[in-house]
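Just below is one structure, and these are the notes that go with it.
The values are calculated or read from the model by the stated rules, or taken from the named source; none is laboratory data. Just so we're clear, the structure is a prediction, and the values are computed from it rather than from any experiment. Glycine also receives a Cβ, built like all others from the backbone with ideal geometry; neighbour counts cover every protein chain displayed. SASA here: full protein model, heavy atoms, side chains in, ligands and nucleic acids out. Shrake-Rupley method; radii C 1.70, N 1.55, O 1.52, S 1.80 Å.
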Amino acid sequence: MAATAAAAELKKNSGADVLDAVITSVFQPGKLAVEVIQADHNAVPTPPIPVLIVAPKDAGTYPVAMLLHGFFLQNHYYKQLLRHVASHGFIMVAPQFHLSMIPTGDTKDIEAAAKVADWLPEGLPSVLPKGVEPELSKLALAGHSRGGHTAFSLALGHAKSNLSFSALIGIDPVAGTGKSSQLAPKILTYEPSSFNMSAAMPVLVIGTGLGEEKKNIFTPPCAPKDVNHREFYLECKPPCYYFVTKDYGHLDMLDDDAPMVITCLCKDGDSCKDKMRRCVAGIMVAFLNSALGGKDNAGHDLEVIVKDPALAPTTLDPVECRLE
């Protein structure tokens, strides 16, 4: 279903009060206080690689989402994004992969991500605040940049986990430097709706409008055409959603204190980065509420943003969805 068709359906079935309510709480921090937890070799059981966890402090049972970081980035560069999503009632788990300046295949990171997922049933409850429990029957997988490739590859079965994923998110995902130089494993087929994932797994792809542009004449684009968000979305099966932050770049959702030696490599937007982070985090919250359910009117936020992208803190263009 195209975005316009989804909007028409929403308009028919929803009142103005629903539209007003979304103006829109998902783009602001949630009501829950959160705690940042580092799980490493001191944790029992020990995670296979270090893991950063951001979880609500209030007692309760919450869905879980794993966020896989991008190439040569660190998990703590995403703290503000993680805190925003967690404050809306999610336990965020961000593994730290081995850092290397040499771009090799993605197999080791895919396998490491699967091992982190397998650590969650015993390991996650042991480090969470008292009274906070993970609902691992509702587990989402997300990844940024190369981490998006890692997440999609894991969802496609390129490593095995004992857990099942209920939803998938790609944040400006990148699968290599070009169509003829894909990162291994080569998951892009350039055939529409070709990703063979679990039946009806909902997928969200968030892209950046400046990711295809060079920062300068010396550096390549950070999200090159043909291996970026657009192709990932086209190869998803319904239900899938697609939002592009038109005026922002590949690393603009990172924390403001992320090292300039890293962020200077990618074309960035001139506007407030906080708006970009709130936009990305808000869309993630709306999608996770819809995909994982469990809340009143769980899908309305996402539907309303599709109907009226101007509600977002930044310009979203294009906005698309295919629901059947």
Do you know the relative contact order of the range 187-289, to the nearest whole percent, from alpha carbon pairs under 8 angstrom that are 6+ apart? 32 percent
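For the chain, what does the relative contact order come out to in percent, with C-alpha contacts under 8 Å and a separation of six or more?
20 percent
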Quick query: amide H of Thr61 versus all other amide H atoms, modeled in the peptide plane; which residues come in under 5 Å with a sequence gap of 5 or more or a different chain? Glu133
Place +1 on the Cβ of every Lys and Arg and -1 on the Cβ of every Asp and Glu in the chain, take the dipole about the Cα centre, and give the residue among Leu183, Asn216, Thr24 whose Cα lies farthest towards its positive end. Leu183
Other-chain or far-sequence residues with amide H under 5 Å of Met66's (modelled H): Val93, Ala140, Leu141, Ala142
Once you list every other residue whose beta carbon is under 11 Å from the beta carbon of Asp106, what net charge do they have if Lys and Arg are +1 and Asp and Glu are -1? +1
Links exceeding 25 Å between C-alpha atoms in this model, out of Lys215/Lys246; Lys179/Lys214; Lys31/Lys273; Lys215/Lys273; Lys57/Lys307, come to Lys57/Lys307
Expected vector for the range 275-281, Karplus 3J(HN,Hα) from phi with 6.51, -1.76, 1.60 and θ = phi - 60°, integer Hz, x for Gly and Pro, equals 5, 5, 4, 5, 5, 4, 5
Two pseudo-spin positions, 7 Å from Cα along C-beta at Ser180 and at Ser193, lie apart in nanometres by 3.2 nm
Which of the aspartates and glutamates could a cross-linker span from Lys130 if the Cα-Cα distance has to be under 20 Å and same-chain partners fewer than 8 positions apart are dropped? Glu35, Asp40, Asp58, Glu122
Grab the other residues whose beta carbon is less than 11 angstrom from that of Ser180, score K and R as +1, D and E as -1, and report the net. +1
Taking only the Cα positions of the range 36-322, the convex hull volume per residue in Å³ is 119 Å³
Would you please state which residues of the range 249-266 a label at Leu99 would reach in this model, taking the label point 7 Å out along Cα→Cβ and a backbone N cut-off of under 15 Å? 255, 257-265
Kindly write out, for the range 241-256 in residue order, the coupling ³J(HN,Hα) from the Karplus curve 6.51 cos²θ - 1.76 cosθ + 1.60 (θ = phi - 60°), rounded to whole Hz, with x marking Gly and Pro. 10, 9, 10, 10, 7, 4, 9, 10, x, 4, 10, 6, 8, 6, 4, 5
May I ask for the distance between the Cα centers of the range 138-185 and the range 42-61, given as a whole number of Å? 22 Å
Which residues' amide hydrogens lie under 5 Å from the amide hydrogen of Thr177, considering only partners 5 or more residues apart or on another chain, with H built in the peptide plane? Leu183
If you place +1 on the Cβ of every Lys and Arg and -1 on the Cβ of every Asp and Glu, how big does the dipole about the Cα centre of the chain come out, in debye to the nearest 20? 260 debye
Charge context of Leu128, other residues only, Cβ under 11 angstrom, K/R +1, D/E -1: 0
Among the lysines, select those whose C-alpha is under 26 Å from the C-alpha of Lys160, and discard any that sit fewer than 8 residues away in the same chain. Lys108, Lys115, Lys138, Lys186, Lys237
What is the dipole size for the range 219-279, taken about its Cα centre, with +1 at each Lys and Arg Cβ and -1 at each Asp and Glu Cβ, in debye to the nearest 20? 260 debye
Expressed as a fraction of 2.2 N^0.38 Å, the rule-of-thumb size for a compact globular protein of N residues, what is the C-alpha radius of gyration of the range 187-324? 1.09
For the range 205-212, in residue order, the Karplus 3J(HN,Hα) values (coefficients 6.51, -1.76, 1.60; θ = phi - 60°; whole Hz; Gly and Pro = x) are 10, 10, x, 10, x, 9, x, 7
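Under the 0.36 nm per residue contour assumption, what length would be gained going from the current alpha-carbon distance of Val36 and Lys115 to full extension?
26.3 nm
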About the Cα centre, charge dipole magnitude for the range 95-199 (Lys/Arg +1, Asp/Glu -1 at Cβ), debye: 160 debye
So if a site counts as exposed when it's one of the chymotrypsin sites (Phe, Trp or Tyr not before Pro), its DSSP state isn't H, G, I, E or B, and it has at most 13 other Cβ atoms within 10 Å, what's the longest stretch of the chain without one? 1-189
Using a 1.4 Å probe over the heavy atoms of the protein chains, calculate the carbon and sulfur portion of the accessible area of the chain as a whole percent. 52 percent
Among 124-131, 221-228, how do they line up from the highest to the lowest mean number of other beta-carbon atoms within 10 Å? 221-228, 124-131
